[in-house]
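Trainee: Take this structure, written in structure tokens, and hold onto it; I'll ask about it next.
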């Protein structure tokens, strides 16, 4: 009997942990989108006010950004500073591709990031500013969306985890 | 996405033909492969590399141009040559601006960018005008990479004509384009700044107004050319304003600038003279008679403000000093090949 109870507790516990992990991804995505927003603000300052060359700016932002996303900027710096013939958007895409799986970002987030890279560094300050305004707007939208999903699906995942655990226990008993 | 990487770049030591790393790094990969395989003797004399949309790849050396084929063969026949694509020009532009067009707005407005190593790249394209001013250049159509070759020591043998017991004569260098006037100016600056122990000359504080970043080749705040230890550089600054700024702030003993001609430059020169500062500058021209006719220069020359006038020529080779004239007495001091004429006139 004791073993039965222990096993059922174990099942409920583990399934609710799975549920929590799933909901944690939604939380992470929101956090990383916020981190990206801050990093882009830093990058905008470097580009439009200080006029730091892009390669150096990327290195700086890489060291100032949050750990969850800083590798993207560091990779761009690494690729471009070698000067082996990558263009900015190629390097940017490569860096996103390398780090995408390590983040909680979705395919849509990736798309706006890639679009942002297409204009990065290529134009004068005025147009760079426009590019930043655009990415801010997109990130805000995505943040809203991530927030909604977090509230809706996050809760759902958590309760689903517990309920599924309970269901399994009931069936087995 | 497939990205073409520069395979040869790592193995460059096997192809070391003397083309400077900074220049190679500013070319797109496809062109790098062509240039890597060029023989070193043709690299040595290379003065300009020209990339034009859809036009043959060519370089300029020894006063003539040569075409380069896809297999790195050099010829004078354009039909064999590699045609530069729009993509090539675009990628080169990206590399030249260090992926940061926004950081070089001022330079691009003036039509050129300075590379690491002091090389200059001229830019052509469609200009965007706003309020009667050039805002930027778009749709880049042509690039001209001018390979900077600092020739240290070209002025050593004429310095004794420009100095008199530690005092520097106001000097004007007169030269047609592409005859090495900036090279000579740069070397004179270096000698004045470092001093010349062989002449018992200690060196002077020099302020350089480098409007076109050509004299010092400043790249991200560091002069890429050797311009001496007592030299202050005001980079990319309009000459007239720059001279006034230097007089006020850096207390120079000599002011050096390139290519004077505008009326405000002449005013600034006068201001410097009033402050007891010696001058060295250059002007486009071929002979004394020609520049004397210029309205803005007429006054300076007739007053004898420039005590030494150096006339350059590209015959028999670039940078030949045709003659040095004493600006106050209008007598020829030396003529090519460095023959002292002073005694001849004295008799």
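No lab work stands behind these numbers, since they all come straight from the coordinates. Just so it is clear, the structure is predicted and the values come from calculations on it, not from any experiment. Note that each Cβ is placed from the backbone with ideal geometry, even for glycine, and that neighbours are counted across all protein chains shown.
Trainee: Order by neighbour count: A:58, B:46, B:196, fewest other Cβ atoms within 10 Å first, most last.
Mentor: So the residues, fewest neighbours to most, are B:196, B:46, A:58.
Trainee: Moving on to the next point. Over all alpha-carbon pairs of segment B:235-347, lay out the pair-distance distribution in 5 Å bins, whole %, shortest bin first.
Mentor: 2, 11, 20, 21, 17, 15, 10, 4, 1, 0
Trainee: Now for a different question. For segment B:7-146, take N as its residue count and report Rg(C-alpha) divided by 2.2 N^0.38 Å.
Mentor: On the way: Rg = 15.2 Å, N = 140, 2.2 N^0.38 = 14.4 Å.
So the Cα radius of gyration is 1.06 times the expected 2.2 N^0.38 Å.
Trainee: Treating the angle as unsigned and between 0 and 90°, give the value, to the nearest 10°, between the Cα long axis of helix B:263-274 and the longest Cα principal axis of chain B.
Mentor: Computed tilt is about 50 degrees.
Trainee: Please state, to two decimals, what the Cα-based radius of gyration of segment B:156-346 comes to when divided by 2.2 N^0.38 Å (N = residues). It would help to have the intermediate numbers written out before the result.
Mentor: On the way: Rg = 15.6 Å, N = 191, 2.2 N^0.38 = 16.2 Å.
That works out to 0.96 for segment B:156-346.
Trainee: Report, as a whole number in µm² per second, the diffusion coefficient that Stokes-Einstein gives for segment B:291-330 at 4 °C and 1.567 mPa s using the Kirkwood radius over alpha carbon pairs. Mind showing how you got there, number by number?
Mentor: On the way: Rh = 11.0 Å.
The Stokes-Einstein estimate is 118 µm²/s.
Trainee: Note the angle between two axes, namely the Cα long axis of helix A:107-119 and the longest principal axis of the Cα atoms of chain A, as a number of degrees from 0 to 90, rounded to the nearest 10.
Mentor: 10
Trainee: I need to check one value: relative contact order of segment B:7-146, counting alpha carbon pairs closer than 8 Å and at least 6 residues apart, in percent.
Mentor: Worked out over segment B:7-146, it gives 20 percent.
Trainee: Mind checking the mean number of beta-carbon atoms from other chains within 10 Å of the Cβ atoms in B:129-138? Display every interim value, and only then the final one.
Mentor: Details: counts 0, 1, 0, 0, 0, 0, 2, 5, 1, 2.
Counting other chains' Cβ atoms within 10 Å and averaging over B:129-138 gives 1.
Trainee: Quick check on the exposure proxy: order B:315, B:90, A:142 from fewest to most C-beta atoms within 10 angstrom. Don't skip to the answer; put the middle values down first.
Mentor: Values: B:315 10, B:90 16, A:142 20.
Neighbour counts put them in this order, fewest first: B:315, B:90, A:142.
Trainee: Now for a different question. Any chance you could list the semi-axes, whole Å, largest first, of the equivalent ellipsoid that the Cα gyration tensor gives for segment A:97-141, using √(5λ)? Working shown, then result.
Mentor: Numbers: eigenvalues 96, 31, 9 Å².
Computed over segment A:97-141, the values are 22, 12, 7 Å.
Trainee: Three principal axis extents, largest first, for the C-alpha atoms of segment A:2-172, in Å?
Mentor: 70, 30, 22
Trainee: Give the Rg/Rh ratio for the protein assembly as shown, taking Rg as the radius of gyration of the Cα atoms and Rh as the Kirkwood radius, to two decimals. Before the final figure, lay out the partial values.
Mentor: Values: Rg = 31.7 Å, Rh = 27.3 Å.
Here the Rg-to-Rh quotient is 1.16.
Trainee: Once the Cα atoms of helix B:86-96 and of chain B are each reduced to a long axis, what angle between those two axes, in degrees from 0 to 90 to the nearest 10, is obtained?
Mentor: 50
Trainee: Oh, and also: Can you pull the percent of Cα pairs in segment B:134-243 with separation above 25 Å? Walk me through the numbers on the way to the answer.
Mentor: On the way: 1606 of 5995 pairs.
Looking at segment B:134-243, the distances longer than 25 Å represent 27 percent of pairs.
Trainee: Under a crude label model (7 Å from the Cα following the beta-carbon direction), how far is residue A:50 from residue A:4 in nanometres?
Mentor: Each label point lies 7 Å from its Cα, and together they span 6.8 nm.
Trainee: Would you mind telling me which residue in B:210, B:326, B:98 has the biggest mean-square fluctuation in a Gaussian network model of chain B, where springs connect alpha carbons within a distance under 10 angstrom?
Mentor: Sorting by GNM fluctuation, first place goes to B:98.
Trainee: A further question follows. Just checking the output field for B:105-111: average partner chain Cβ neighbours within 10 Å of each residue's Cβ?
Mentor: Numbers: counts 5, 1, 0, 1, 1, 0, 0.
Counting Cβ atoms of other protein chains within 10 Å of each residue's Cβ and averaging gives 1.
Trainee: If R0 is 22 Å, what FRET efficiency do you get for residue A:20 and residue A:107 from their C-beta distance, rounded to 0.05? List each step's numbers first, then the result.
Mentor: Values: r = 24 Å, r/R0 = 1.08.
Rounded to the nearest 0.05, the efficiency is 0.40.
Trainee: Let me ask something additional. Once you have the Kirkwood Rh of segment A:5-51 from its Cα pairs, apply Stokes-Einstein at 25 °C and 0.890 mPa s and quote D in µm²/s. The partial results should precede the final answer.
Mentor: Details: Rh = 13.6 Å.
D, rounded to a whole number, is 181 µm²/s.
Trainee: Okay, moving on. Could you tell me which of rounded, prolate or oblate describes segment A:88-173, using a ≥ b ≥ c as the square roots of the eigenvalues of the alpha-carbon gyration tensor, with rounded for a/c under 1.5 and, failing that, prolate when a/b is larger than b/c and oblate otherwise? Present the calculation step by step, with values, prior to reporting the outcome.
Mentor: On the way: a/c = 7.30, a/b = 2.61, b/c = 2.80.
Taking the square roots of the gyration eigenvalues as a ≥ b ≥ c, segment A:88-173 is oblate.
Trainee: Something else about it: Run a plain Debye calculation on chain B (Cα atoms as equal point scatterers, no solvent) and give log10 I(q)/I(0) at q = 0.07 Å⁻¹, rounded to two decimals, same order as the q list.
Mentor: The computed values of log10 I(q)/I(0) come out as -0.34.
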